[in-house]
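The structure under discussion appears below in the form of structure tokens.
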Amino acid sequence: MKNRSLYTVCGVAAISLLATCATATAAPAPLSRHTEKWIDLQVGDCVADLPPADLSRVTVTVVECATAHLAEVYLRAPMAVDSAIATVANRDCAAGFAPYTGQSVTGSRFSITYLIDSNQDRTGATPNPSTVICLLQGANGQPLTGSARH
């Protein structure tokens, strides 16, 4: 009888230990706030700041969308670099807004802005050598909370 109780205690202890190990090896929780190069932003990323217009700073602060943030990335799209770059970026960002949010940008509580990653070899034959990174912001500059993705 004494051995049976010992086996039961050892079995319970082993199960508890395994459960603890399984918990300890689970995937780490995502960082709630970290710095990242703005050219590496991905769709769904929320940022607490944007680089200045002269792009003198190459990093932004990525935060959880559930916390207050300045903007959210809703589209990354290849684009050609030419004299109409602002027109093309505005057109592409406007076209990508509704599929992401489920609403038109006109009359919404959002405004759109973009960053253009042109960090590539211009001597190549790539027809779309740049990437436009479209972001939505509060229309009146107010912070956003939660994702705009529908």
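The values are calculated or read from the model by the stated rules, or taken from the named source; none is laboratory data. Values in this document were obtained by computation on a predicted structure and should not be read as measured data. FYI the Cβ positions are ideal-geometry reconstructions off the backbone, even for glycines, and counts take in every protein chain you see.
For the stretch 69-102, a residue qualifies if it is touching a His at 6+ places or on another chain (Cβ under 8 Å) and not small (Gly, Ala, Ser), and the qualifying residues are Tyr100, Thr101. Go through the stretch 55-80 residue by residue and tally those that are out of contact with any strand residue (DSSP E or B) (no Cβ under 9 Å at 6 or more places or on another chain) and closer than 15 Å to Thr113 by Cβ. Going through the stretch 55-80 one residue at a time, the tally reaches 0.
Considering Val43, Val81, the condition of being β-branched (Val, Ile, Thr) and either under 21 Å from Gly141 (Cβ atoms) or modelled with pLDDT under 95 (or both) is satisfied by Val81 alone. If you go through the stretch 88-114 and pick out every residue that is farther than 11 Å from Ala148 by Cα and either in contact with a Ser or Thr (Cβ under 6 Å, 6 or more places away or on another chain) or among the basic types (Lys, Arg) (or both), you end up with 1. Considering the conditions (1) surrounded by fewer than 14 Cβ atoms within 10 Å (Cβ to Cβ); (2) part of a strand (DSSP E or B), Pro99 is excluded by exactly one of them, (2). In the stretch 56-77, the qualifying residues are those that are touching a residue at least 12 places away in the same chain (Cβ under 8 Å) and part of a loop (DSSP other than H, G, I, E, B), and the one that is farthest from the chain's Cα centre (by Cα) is Val58. Based on what the data block shows, is Arg57 surrounded by 10 or more Cβ atoms within 10 Å (Cβ to Cβ) and either at pLDDT below 85 or not aliphatic (A, V, I, L, M) (or both)? Yes: the conditions hold for Arg57. Does Thr113 satisfy the criteria of being in a strand (DSSP E or B) and at pLDDT 90 or above? Yes, satisfied.
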